[in-house]
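**Student:** Okay, handing you the structure first.
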Amino acid sequence: MIISNLSEILGKKRIKIAQVIKDTGISRPTLTSLYYNNSNGINFDTLSKLCKYLDVKPNDILYYSEIDITDISVKFGDFSISDETIDDHGNSAEVIDNAYFTGNVKFENLDFNELQFEGSLNQDSYKDKEVFNLSLKLNIPKDAYNLFIDDTVQTYLEERMIDSILDAFDAVYGYAEISSISYSYLDNK
C-alpha cells in the first residue's frame with residue numbers, strides 16, 4: 001500500500017492547497033486526491049514539481065507499507081433518541097443521543113488478517129444535531145497494534161475507519177461531523 005503524506009507536509013509547512021496550485025500549476029483534483037489519500041497514482045512530473053516546491057524527496061511525500069487494507073465495513077445497530085429539543089431558531093427536532101456501531105478491517109500481508117472495532121457516536125451539543133463525539137475501541141491490545149502497524153499506517157487506517165463510520169452513519173441517519181475522538185483498546189490502554 002502506498003500512502004500520501006502530502007496533508008502532513010502541507011500542515012507542517014502551513015501551506016494551503018490553493019497556494020500550491022497557484023505556485024506549481026498542478027490541478028486542484030490532483031492535489032486534493034493526494035491530500036486526502038484518494039489518488040490511484042501520481043505522474044512523475046507532478047511528483048517532481050511537488051518535491052521541488054516543498055523541498056522534499058519523493059519518499060517524504062509517498063510512504064510504502066507491505067500491509068494492504070482490503071476492506072473496511074461498518075454496521076450501525078442500536079441508537080437512542082432524545083426527546084424533541086428546540087434549537088436556537090425555535091425549531092423542534094429529535095436528536096440522536098447515541099448511535100452504536102461495529103466494524104471490521106481486512107488486511108493482507110499482516111500477521112493477522114482482520115481487526116474488529118466497535119464504538120459509538122455521542123451527541124456533542126443539542127444546538128447542532130450533526131456534531132458528535134466518536135468513541136472508538138479497537139479489539140486488539142495496544143502493544144500488539146503498535147508492534148504490527150507503524151505510525152504512518154495507523155494514521156491512515158484510523159482516517160479510513162472514521163470515513164467509513166461517517167459514510168455508514170450518513171446512509172442510515174444522515175450527515176454527521178466529528179468534534180472529538182477517543183480511542184481505547186482491548187486492554188483499555
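**Student:** Just checking, how many residues over the stretch 137-180 are modelled with pLDDT of 90 or more and touching a helix residue (DSSP H, G or I) at 6+ places or on another chain (Cβ under 7 Å)?
**Tutor:** Residues meeting the conditions: 2.
**Student:** Which residue pairs have Cβ atoms under 7 Å apart, sit 6 or more places apart or on different chains, and have a first residue in the stretch 173-185 that is in a strand (DSSP E or B) and a second that is among the polar types (S, T, N, Q)?
**Tutor:** Close Cβ pairs satisfying both conditions: Ser179/Asn133; Ser180/Asn133; Ser182/Ser135.
**Student:** Would you point out which residue out of Asp163, Asp151, Asp187 is exposed (fewer than 12 other Cβ atoms within 10 Å of the Cβ) and under 21 Å from Asn5 (Cα atoms)?
**Tutor:** Asp151
**Student:** Let me ask something additional. Just one of Ile178, Ile149 is closer than 27 Å to Ser65 by Cα and out of contact with any Ser or Thr (no Cβ under 7 Å at 6 or more places or on another chain); which is it?
**Tutor:** Result: Ile149 is the single residue among Ile178, Ile149 that is closer than 27 Å to Ser65 by Cα and out of contact with any Ser or Thr (no Cβ under 7 Å at 6 or more places or on another chain).
**Student:** Does any residue in the stretch 104-118 that is basic (Lys, Arg) come within less than 9 Å, Cβ to Cβ, of a residue that is in a strand (DSSP E or B) six or more places away or on a different chain, and which pairs are these?
**Tutor:** Filtered contacts from the stretch 104-118: Lys106/Ile69; Lys106/Thr70; Lys106/Asp71; Lys106/Ile72; Lys106/Ser73; Lys106/Glu114; Lys106/Leu115.
**Student:** For a quick check of your reading: which helices (runs of 4 or more DSSP H) sit entirely within the stretch 1-88 and have at least 3 residues that are surrounded by 15 or more Cβ atoms within 10 Å (Cβ to Cβ)?
**Tutor:** Where helices (runs of 4 or more DSSP H) fall fully within the stretch 1-88 and carry at least 3 residues being surrounded by 15 or more Cβ atoms within 10 Å (Cβ to Cβ), they are 6-13, 17-24, 28-35, 44-54.
**Student:** Still on this model: Tell me which residues, restricted to the stretch 94-115, are at pLDDT below 85, touching a Phe, Trp or Tyr at 6+ places or on another chain (Cβ under 9 Å) and not acidic (Asp, Glu).
**Tutor:** Val95, Ile96, Leu110, Phe112
**Student:** May I ask you to list pairs of residues, at least six apart or on different chains, whose Cβ atoms are under 9 Å apart, with the first in the stretch 18-38 being without any contact (Cβ under 8 Å) to a residue 12 or more places away in the chain and of a type outside the set (Gly, Ala, Ser) and the second being part of a helix (DSSP H, G or I) and loosely packed, with under 15 Cβ neighbours inside 10 Å?
**Tutor:** Ile21/Arg28; Arg28/Ala18; Asn38/Thr32
**Student:** Of all residues in the stretch 108-148, count the ones that are under 24 Å from Ile3 (Cα atoms) and of a type in the set (Val, Ile, Thr).
**Tutor:** 1
The values are calculated or read from the model by the stated rules, or taken from the named source; none is laboratory data. Quick caveat, the model's predicted, so the values are computed rather than measured. Heads up, the Cβs are rebuilt from the backbone with ideal geometry, glycines too, and the neighbour counts pull from every protein chain shown.
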